[in-house]
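Working notes for the structure below.
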Amino acid sequence: MARAFGSHSVPFFVVVDRDGRVVHTQEGFSGGQPLEDAVNRALIAR
């Protein structure tokens, strides 16, 4: 997955919304809050 996005970092996170759109990517260890916020937004988005 990371290769498809041109990332060489580990870990690499991708948040996908209900429509299959990538709404957030995060490379490396940069804290959990941005990732948690992106997941929450994706879950409540309609």
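The values are calculated or read from the model by the stated rules, or taken from the named source; none is laboratory data. Just so it is clear, the structure is predicted and the values come from calculations on it, not from any experiment. Cβ sites come from the backbone with ideal geometry, for glycine too, and all protein chains shown count toward neighbours.
Filtering the chain to residues that are surrounded by 15 or more Cβ atoms within 10 Å (Cβ to Cβ) and among the hydroxyl-bearing types (S, T, Y) leaves S7, T25.
S30 - would you say it is without any contact (Cβ under 8 Å) to a residue 12 or more places away in the chain and either assigned to a loop (DSSP other than H, G, I, E, B) or not charged (D, E, K, R) (or both)? Talk me through it step by step, then tell me what you get.
Numbers: without any contact (Cβ under 8 Å) to a residue 12 or more places away in the chain: yes; either assigned to a loop (DSSP other than H, G, I, E, B) or not charged (D, E, K, R) (or both): yes.
In short, yes.
For beta carbons closer than 8 Å, sequence separation of 6+ or different chains, a first residue in region 1-13 that is β-branched (V, I, T) and a second that is assigned to a loop (DSSP other than H, G, I, E, B) and at pLDDT 85 or above, the qualifying pairs are V10/G28. Scanning region 1-41 for residues that are of a type in the set (G, A, S) and at pLDDT 90 or above gives G20, A38.
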